[in-house]
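Chemist: Dropping the structure in here first, questions after.
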Amino acid sequence: MLAVAFLAACGTPEPVQIESVRAFVGARIIDGTGGNPIDDGVLVVRDGRIEAVGTSAELTVPEGATLIDVAGKTIIPGLINTHGHVNGTLGLETNHFTSENLLRQLRLYARYGVTTVNSLGGDQEVSAVIRDAQNTKDLARSRLLIAGSVVSGDTPQAAHAMIEKNLALKADFIKIRVDDGLGRRKKMTPEVYESVIDRAHQAGLPVAAHLVYLEDAIGLAQADVDYIAHSIRDEVVDDGLIALLKEKDITYCPTLMREVSVYAYESVPDFFEDPFFLKAADPAVIEQLKNPERMSRIKNSQNAQWFKKNLSTAMENLRKLAEGGVTIAFGTDTGPPGRFQGYFEHMELSMMASAGLSPMQILSSATGDAAKAIGREDIGTLESGKWADFLVLAEDPLLNISNTRSIETVWIAGNKVDGE
């Protein structure tokens, strides 16, 4: 039976309230492990971390804790975007790489329930400073991981020089680009990417690979890449690749909304009328994206239309890989202009459902599995000792993944995120 802290009705003196301890009482708790939900749950948070999780029948709330009634709500871990970008974008412009702008983006992600972002490329020294300041119980914006500059080069030596600069930033990932731009540029060779992977692994860092084609996914997997940062778009995957990815424990990140963003503004997208989008959107940016000349360019772009045509292949590959047991990590490639941070993450969840994944599979990919993919054992699931990063939802996302949009409050390190 739940032991409520206030016993004045029984004649017992009311205890002194402990401000650093909160107990969220009565919600359904989906803990991010993939296990069964906890009904009539209790989540106890102390000094920014989770102290206990369980049912009201098995947990005693610490005396003096602040009780927060969340009966009828659902609690899930904060969403983890394993492929985003926190960089110089401001509106539709770039080169606004300031601490103020980066923190603005992290607060925006947080308001939409994305409590950690793995920024895969374009990160600078200020990114590292912000990343290094987040290990605190006072945090109230999204956590940040960084990859530094995307590694390129025609030779191993040139690529290694870029790796060393990223190591100086204490990057969390190394990212490479293996992509010929649909035949318009030279692609990184196997000799170079094999050398990059070896050097990164010597330094203890995982390697994420931007790619487009199935043949490159096979070559990178054989070279022990750790993380495939986009969908395979040109061909449907076969059982051989599925087995290879599972054998080597390689994570696959679909970024379906990256595909959508390439062609979405050939016309006025429906989401421009969505209140969930409009609550954080800049009207001036919306008007720029509605520009007829801009829309015409996108409609006539071979690049945009190729990705539009091949989105169905990307979605089929996600379904096959998930069914085959490959680890799927949630990611969107948001951050560049027109890829709306926070909102696109919820659209990605819905697209994953359209591809055939169950709500539990999708939530696991965005919480516990995502944390493993970025090497973070202190977030991603609602378990004792982990940071208290979680969302309180009005509706149950296991009934419909779109219910992740029913955010009532966001908590990071046990601190309520400002919704404005």
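Chemist: Which one of the conditions (1) under 25 Å from the mean Cα position of the chain (by Cα); (2) assigned to a helix (DSSP H, G or I) does VAL237 fail to meet, given that it meets all the rest?
Modeler: (2)
Chemist: Picking from LEU182, LEU167, which residue would you name as being surrounded by 12 or more Cβ atoms within 10 Å (Cβ to Cβ) and part of a loop (DSSP other than H, G, I, E, B)? Don't jump to the end; show me each part of the working.
Modeler: Details: LEU167 fails: part of a loop (DSSP other than H, G, I, E, B).
Only one candidate passes the filter, namely LEU182.
Chemist: When you check ASN87 against the structure, is it open to solvent by 10 Å² or more (accessible area, probe 1.4 Å) and of a type in the set (S, T, N, Q), yes or no? Break it down into steps so the answer makes sense when it comes.
Modeler: Values: open to solvent by 10 Å² or more (accessible area, probe 1.4 Å): yes; of a type in the set (S, T, N, Q): yes.
Considered against the rule, which asks whether it is open to solvent by 10 Å² or more (accessible area, probe 1.4 Å) and of a type in the set (S, T, N, Q), ASN87 comes out as yes.
Chemist: Sticking with this structure for a sec: The conditions are (1) open to solvent by 50 Å² or more (accessible area, probe 1.4 Å); (2) at negative phi; (3) not in a helix (DSSP H, G or I), and SER231 fails exactly one of them. Which is it?
Modeler: (1)
Chemist: Considering only the stretch 320-339, state which residues are assigned to a loop (DSSP other than H, G, I, E, B), within 17 Å of MET351 (Cβ to Cβ) and of a type outside the set (Asp, Glu). Show your work before the answer.
Modeler: Restricting attention to the stretch 320-339, the residues satisfying the condition of being assigned to a loop (DSSP other than H, G, I, E, B) are 324-327, 329-333, 335-339.
Within this subset, residues satisfying the condition of being within 17 Å of MET351 (Cβ to Cβ) are 329-333, 338-339.
Scanning the stretch 320-339 gives ALA329, PHE330, GLY331, THR332, GLY338, ARG339.
Chemist: Let me ask something else about it. Name the residue that is farthest from HIS85 (Cα to Cα), counting only residues in the stretch 211-228 that are of a type in the set (D, E, K, R) and not in a helix (DSSP H, G or I). Write out each step before concluding.
Modeler: So the first thing to find is which residues in the stretch 211-228 are of a type in the set (D, E, K, R), and the list is 215-216, 224, 226.
Of the ones still in play, those that are also not in a helix (DSSP H, G or I) are 224, 226.
Working: ASP224: 24, ASP226: 19 Å.
Step by step, filter the stretch 211-228, then rank; the result is ASP224.
Chemist: Let me ask something else about it. What residue, among those in the stretch 288-347 that are acidic (Asp, Glu) and open to solvent by less than 20 Å² (accessible area, probe 1.4 Å), is nearest to ILE250 (Cα to Cα)? Explain how you work it out, then say what you get.
Modeler: Our first condition is that a residue be acidic (Asp, Glu); within the stretch 288-347, this holds for 293, 316, 323, 333, 345.
In the following step, the residues that additionally are open to solvent by less than 20 Å² (accessible area, probe 1.4 Å) were identified as 333, 345.
Values: ASP333: 19, GLU345: 22 Å.
Here the answer is ASP333.
Chemist: Taking the criterion of being over 24 Å from HIS85 (Cβ atoms), out of contact with any Gly (no Cβ under 6 Å at 6 or more places or on another chain) and assigned to a loop (DSSP other than H, G, I, E, B), would at least one residue in the stretch 362-369 satisfy it? Give the steps one after another, and end with the answer.
Modeler: As a first pass, look at the stretch 362-369 and keep what is over 24 Å from HIS85 (Cβ atoms): none.
Scanning the stretch 362-369 turns up no residue that is over 24 Å from HIS85 (Cβ atoms), out of contact with any Gly (no Cβ under 6 Å at 6 or more places or on another chain) and assigned to a loop (DSSP other than H, G, I, E, B).
Chemist: Tell me, which residue of the stretch 195-210 that is crowded, with 18+ Cβ neighbours inside 10 Å and outside any strand (DSSP E or B) is nearest to the chain's Cα centre (by Cα)?
Modeler: Of the residues in the stretch 195-210, the ones crowded, with 18+ Cβ neighbours inside 10 Å are 195-197, 199-200, 205-210.
Cutting the leftovers down to outside any strand (DSSP E or B) gives us 195-197, 199-200, 205-206.
Working: SER195: 28, VAL196: 25, ILE197: 23, ARG199: 26, ALA200: 23, LEU205: 19, PRO206: 17 Å.
So, considering only residues that are crowded, with 18+ Cβ neighbours inside 10 Å and outside any strand (DSSP E or B), the one nearest to the chain's Cα centre (by Cα) is PRO206.
Chemist: Here is a follow-up. What pairs come out if I take residues in the stretch 131-156 that are of a type in the set (Lys, Arg) and pair them with residues that are open to solvent by 20 Å² or more (accessible area, probe 1.4 Å) and part of a loop (DSSP other than H, G, I, E, B) whose C-beta lies under 7 Å away, six or more apart or interchain?
Modeler: Pairs found: LYS137/ASP47.
Chemist: For the stretch 112-154, give me the residue count where each residue is touching a helix residue (DSSP H, G or I) at 6+ places or on another chain (Cβ under 6 Å) and either on the phi > 0 side of the Ramachandran plot or assigned to a strand (DSSP E or B) (or both).
Modeler: 7
The values are calculated or read from the model by the stated rules, or taken from the named source; none is laboratory data. Here the structure is a predicted model, which means the values were calculated and not measured. All Cβ positions, even for glycine, are placed from backbone atoms using ideal geometry, and neighbour counts span all protein chains on display. We work out accessible area using only protein heavy atoms, side chains counted, and drop any ligands, DNA or RNA first. Shrake-Rupley method; radii C 1.70, N 1.55, O 1.52, S 1.80 Å.
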